[in-house]
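**Q** Before I ask anything, here is the structure I am working with.
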Amino acid sequence: MAAENKKMHEAVAEKIIAQLKEGTAPWQLPWEKSTAAFDKPQNAVTDKAYRGLNALYLQLFSPFEDPRWATFKQAQSKGWQVQKGAKGMAINFVKTHQFYPKKDEQGKQVLDENGKPVKVPRTLNPPMITKAWVFNAEQIKGVPPIAKSSEISQWEKLNRVESLVKNTGASIAHVQGNSAYYSPLGDNIRMPEKTQFKSSDRYYATLLHELGHWTGHKNRLDRSIMNSFGTQEYAREELRAEIASMMLGSELQIGHDPGQHLAYVDSWIKILTEKPFEIHQAASDSQKIMDYLMTFDRKKELKQVASKSSTSDAEPVEVPDVERIPELSHQPEVKYQKQEMETTLKFGR
């Protein structure tokens, strides 16, 4: 099948399989870059961040440092010029509306003041998925230099992550040992002591991975996570947590620690070979994981708004209670009767 005729999920699956066969998980790649390590792919015209499979594809396989992209028509609309011979990257474009000629009661086409047909939008159900070619800002003449984001200290970044973790209310126990995992049976996370990690960002990257699994509980995003180690379903869940951890590391600017993937590589290759659409579903689920966890990042902001409102005559703002969450490191480890299942129903690294 010609590359240009392949569906996006097939092309992405093939690229990931090729790197997995070489022994390298492709999501390691973004953290080998320097200047754009924390910049999410975004549209150069609308400033909106790409999501799901589009975001994963552009972040993993872009050869450029600039995170901004635009279609040929978008570039033209801004007076920019795509360089001659530039090769774009194909992404999915979800079309939710189709424009049709407007007709009057007699069925005649309605014209505007210039004599041109008037068109009205109609919702497409289901939406239509088409292909759109986007070009990087480095390939487009006239794009203004990217605005430099204000420097944030490492302390501020890690404080933000710690606040997010506390706001989740997740049950987390720190125990000396060599494993980190989430237990769906007990709905709790076990982590090694913080002092066992070489750096604080590695600790939080690992914890974000486990929180990715935590979101799969039936009372949260309700994914199928009651699976034994070694099964394809287990490997599918690990794929989601790993991609989500990469997305979160980029969003929170702390990086991503891929860890060891030897236990899952063969399963991932098998899954993506037999069902390439799996990467589309995994990217979609990973986006949901990230969106879910990032809501806890905004609780502090909402609480501040509520505090200001309570000192004025305005109506109080109702926000989640984040004050009563106990210190995570002091939470007792929960014991369960079905200990024989504990060894298989875990997700971790």
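The values are calculated or read from the model by the stated rules, or taken from the named source; none is laboratory data. Note that the structure is a prediction, hence the values are computed from the model and not measured. Here Cβ is always computed from backbone atoms with ideal geometry, including for glycine, and neighbour counts include all displayed protein chains.
**Q** Here is a list: TYR203, TYR234. Which entry is without any contact (Cβ under 8 Å) to a residue 60 or more places away in the chain, in a helix (DSSP H, G or I), among the hydroxyl-bearing types (Ser, Thr, Tyr) and not assigned by TED's automatic domain parsing to the domain that holds TYR57?
**A** Values: TYR234 fails: without any contact (Cβ under 8 Å) to a residue 60 or more places away in the chain.
Exactly one of TYR203, TYR234 is without any contact (Cβ under 8 Å) to a residue 60 or more places away in the chain, in a helix (DSSP H, G or I), among the hydroxyl-bearing types (Ser, Thr, Tyr) and not assigned by TED's automatic domain parsing to the domain that holds TYR57, namely TYR203.
**Q** Going residue by residue through the stretch 148-156, is there one that turns out to be within 30 Å of ALA86 (Cα to Cα) and not in a strand (DSSP E or B)? Before you say what the answer is, go through the steps one by one.
**A** Quick first cut of the stretch 148-156, residues within 30 Å of ALA86 (Cα to Cα) only: 148-149.
Cutting the leftovers down to not in a strand (DSSP E or B) gives us 148-149.
Looking for residues that are within 30 Å of ALA86 (Cα to Cα) and not in a strand (DSSP E or B), one finds at least one in the stretch 148-156, hence yes.
**Q** Could you please find all residues in the stretch 155-191 being under 17 Å from PHE296 (Cβ atoms) and among the hydroxyl-bearing types (Ser, Thr, Tyr)?
**A** SER163, THR168, SER171, TYR182
**Q** Another one. Please verify whether THR195 is assigned by TED's automatic domain parsing to the domain that holds SER267 and surrounded by 14 or more Cβ atoms within 10 Å (Cβ to Cβ), treating the condition exactly as stated. Walk me through how you get there before you give the answer.
**A** Numbers: assigned by TED's automatic domain parsing to the domain that holds SER267: yes; surrounded by 14 or more Cβ atoms within 10 Å (Cβ to Cβ): no.
Criteria not met by THR195.
**Q** Only one of HIS209, HIS256, HIS217, HIS213 is at pLDDT 90 or above and either part of a loop (DSSP other than H, G, I, E, B) or among the polar types (S, T, N, Q) (or both); which? Break it down stepwise before answering.
**A** Working: HIS209 fails: either part of a loop (DSSP other than H, G, I, E, B) or among the polar types (S, T, N, Q) (or both); HIS256 fails: at pLDDT 90 or above; HIS213 fails: either part of a loop (DSSP other than H, G, I, E, B) or among the polar types (S, T, N, Q) (or both).
Step by step, each of HIS209, HIS256, HIS217, HIS213 is checked, and only HIS217 is at pLDDT 90 or above and either part of a loop (DSSP other than H, G, I, E, B) or among the polar types (S, T, N, Q) (or both).
**Q** Take the residues in the stretch 114-168 that are of a type in the set (Asp, Glu) and closer than 29 Å to LEU208 by Cβ, then tell me which one is surrounded by the fewest Cβ atoms within 10 Å (Cβ to Cβ).
**A** Looking only at the stretch 114-168, we keep the residues that are of a type in the set (Asp, Glu), and these are 138, 151, 156, 162.
Imposing the further condition that a residue be closer than 29 Å to LEU208 by Cβ reduces the set to 151, 156, 162.
Details: GLU151: 6, GLU156: 10, GLU162: 14.
Looking at residues that are of a type in the set (Asp, Glu) and closer than 29 Å to LEU208 by Cβ, I get GLU151.
**Q** Right, next: Of the residues in the stretch 94-119, how many are assigned to a strand (DSSP E or B), farther than 28 Å from GLU65 by Cβ and either of a type in the set (Phe, Trp, Tyr) or in contact with a Pro (Cβ under 8 Å, 6 or more places away or on another chain) (or both)?
**A** The first filter runs over the stretch 94-119 and keeps only residues assigned to a strand (DSSP E or B), leaving 94-101, 103, 109, 111, 117, 119.
With the extra rule that they be farther than 28 Å from GLU65 by Cβ, the set shrinks to 95-101, 103, 109, 111, 117, 119.
Among the residues that remain, those that are also either of a type in the set (Phe, Trp, Tyr) or in contact with a Pro (Cβ under 8 Å, 6 or more places away or on another chain) (or both) are: 95-101, 109, 111, 117, 119.
Counting residues in the stretch 94-119 that are assigned to a strand (DSSP E or B), farther than 28 Å from GLU65 by Cβ and either of a type in the set (Phe, Trp, Tyr) or in contact with a Pro (Cβ under 8 Å, 6 or more places away or on another chain) (or both) gives 11.
**Q** Looking at ASP47, ASP66 in this structure, which one is in a loop (DSSP other than H, G, I, E, B), surrounded by 16 or more Cβ atoms within 10 Å (Cβ to Cβ) and charged (D, E, K, R)?
**A** Values: ASP47 fails: surrounded by 16 or more Cβ atoms within 10 Å (Cβ to Cβ).
Testing whether each residue is in a loop (DSSP other than H, G, I, E, B), surrounded by 16 or more Cβ atoms within 10 Å (Cβ to Cβ) and charged (D, E, K, R) leaves just ASP66.
**Q** Now for a different question. Quick one: how many residues across the stretch 69-93 are of a type outside the set (A, V, I, L, M), in a helix (DSSP H, G or I) and in contact (Cβ under 8 Å) with a residue 24 or more places away in the chain? So that I can check it myself, show each step before the final result.
**A** Looking only at the stretch 69-93, we keep the residues that are of a type outside the set (A, V, I, L, M), and these are 69, 71-74, 76-81, 83-85, 87-88, 92-93.
With the extra rule that they be in a helix (DSSP H, G or I), the set shrinks to 72-74, 76-77.
Cutting the leftovers down to in contact (Cβ under 8 Å) with a residue 24 or more places away in the chain gives us 72, 74, 77.
Residues flagged as of a type outside the set (A, V, I, L, M), in a helix (DSSP H, G or I) and in contact (Cβ under 8 Å) with a residue 24 or more places away in the chain within the stretch 69-93 amount to 3.
**Q** Still on this structure, I have one more. Against the definition (without any contact (Cβ under 8 Å) to a residue 60 or more places away in the chain, under 30 Å from TYR50 (Cβ atoms) and aliphatic (A, V, I, L, M)), how does VAL120 come out, yes or no? Break it down into steps so the answer makes sense when it comes.
**A** Working: without any contact (Cβ under 8 Å) to a residue 60 or more places away in the chain: yes; under 30 Å from TYR50 (Cβ atoms): yes; aliphatic (A, V, I, L, M): yes.
Judged against the criteria, VAL120 is a match.
**Q** So is TYR182 more than 16 Å from the chain's Cα centre (by Cα), crowded, with 23+ Cβ neighbours inside 10 Å and in a helix (DSSP H, G or I) or not?
**A** Numbers: more than 16 Å from the chain's Cα centre (by Cα): yes; crowded, with 23+ Cβ neighbours inside 10 Å: yes; in a helix (DSSP H, G or I): no.
When the stated conditions are applied, TYR182 does not pass them.
**Q** Considering every residue within the stretch 233-250, establish whether at least one is surrounded by fewer than 18 Cβ atoms within 10 Å (Cβ to Cβ) and in contact with a helix residue (DSSP H, G or I) (Cβ under 7 Å, 6 or more places away or on another chain).
**A** We begin by selecting, within the stretch 233-250, every residue surrounded by fewer than 18 Cβ atoms within 10 Å (Cβ to Cβ); these are 233.
Adding the requirement that they be in contact with a helix residue (DSSP H, G or I) (Cβ under 7 Å, 6 or more places away or on another chain) leaves none.
Looking through the stretch 233-250, none of the residues is surrounded by fewer than 18 Cβ atoms within 10 Å (Cβ to Cβ) and in contact with a helix residue (DSSP H, G or I) (Cβ under 7 Å, 6 or more places away or on another chain).
**Q** Test GLN59 against the stated conditions and say whether it is closer than 30 Å to TYR292 by Cβ, outside any loop (DSSP other than H, G, I, E, B) and at pLDDT below 85.
**A** Numbers: closer than 30 Å to TYR292 by Cβ: yes; outside any loop (DSSP other than H, G, I, E, B): yes; at pLDDT below 85: no.
No; evaluated as a whole, the condition is false for this residue.
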